[in-house]
Amino acid sequence: MKIKSAEFVMSNTDVAKCPKDQLPEYAFIGRSNVGKSSLINMLTSRKSLAKTSGRPGKTQLINHFIINKNWFLVDLPGYGYARVSKSTKKVFQKFITAYFEKRRQLVSAFVLVDIRHEPQKIDLAFMQWLGENQIPFSIIFTKADKLKPAQIEKHVAVYEEKLLQDVWEEMPNYFVTSSTKDIGKEDVLNYIGQINEEIKGA
Ligand code: GTP
Ligand code: MG
């Protein structure tokens with residue numbers, strides 16, 4: 001899929017105030033600093049469409065971007081960031097949860113995990129919660145530029161093993177990406193493009 005246009009639409013903390021358009025929507029979620037906003041910029045080939053930062057906790061709102069004037073990408077705050085206060089964390093958690101529970105237009109979530117790390121409890125718990133709420137998702141491994149190909153394979157295998165051992169019967173759909181090296185861009189975009197076509201044809 002080619003990206004012809006990518007525009008910021010709005011930011012807010014209330015799912016009820018998100019765009020009313022009935023367009024297919026894809027949301028990026030994961031721990032703070034995992035690279036959600038960077039991935040959105042990489043996918044859209046726009047350097048600073050979504051705001052990024054080396055310091056965790058940059059994205060604090062639900063941000064809608066409209067792509068090719070017919071589908072939405074959504075940048076969300078990270079979960080599990082220790083340095084925001086407990087009360088801020090609770091507010092985040094509330095509106096993120098409400099977003100996933102109430103946003104009818106949401107076609108699929110992408111749960112981002114840093115490929116360098118062992119499977120983290122909070123990510124596994126979030127995926128389980130999505131599963132329990134019947135919200136489709138794919139895993140996106142980020143920062144693949146930081147590992148050698150053989151290590152990438154090994155880390156994915158470890159992740160798969162952990163998921164299968166815990167709650168999942170099969171490995172969820174996944175992508176290996178790097179926003180600095182443009183890895184995985186076509187795969188993710190084609191995946192979204194294919195679903196959009198299926199929705200249109202249905
Ligand atoms: P919050 O908004 O705080 O939740 O973070 P985020 O998940 O949106 O992360 P963001 O995109 O702001 O990136 C965090 C840091 O990771 C920045 O310093 C990015 O430059 C860096 N980063 C993101 N993606 C990659 C990647 O693929 N490779 C490398 N090497 N660094 C990356
Ligand atoms: Mg962000």
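Tabulated data for the structure shown
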quantity	calculated
Label-point separation in nm, D182 to K2, each point 7 Å along Cα→Cβ	1.5
Portion, in percent, of the accessible area of the chain that falls on carbon or sulfur, probe 1.4 Å	50
Computed E for N68/A202 - FRET, C-beta separation, R0 25 angstrom, nearest 0.05	0.85
For region 1-113, fraction of C-alpha pairs farther apart than 22 Å, in %	26
Exposed GluC sites (Glu not before Pro) absent - longest run of the chain, DSSP non-H/G/I/E/B, at most 14 other C-beta within 10 Å	1-168
Most mobile of S179, S53, S87 in a GNM of the chain (Cα contacts under 10 Å)	S87
Å² of accessible area per residue within the chain, as computed with a 1.4 Å probe and no ligands counted	54
Under 16 Å from the Cα of K181 - aspartates and glutamates, other chains or at least 8 residues apart	D114, D145
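The values are calculated or read from the model by the stated rules, or taken from the named source; none is laboratory data. Since we're looking at a predicted model, the values are computed, not measured. Cβ coordinates were reconstructed from backbone atoms using ideal geometry, including for glycine residues, and neighbour counts include every protein chain displayed. Just the protein is used for accessible areas: all its heavy atoms, side chains included, with ligands, DNA and RNA removed. Shrake-Rupley method; radii C 1.70, N 1.55, O 1.52, S 1.80 Å.
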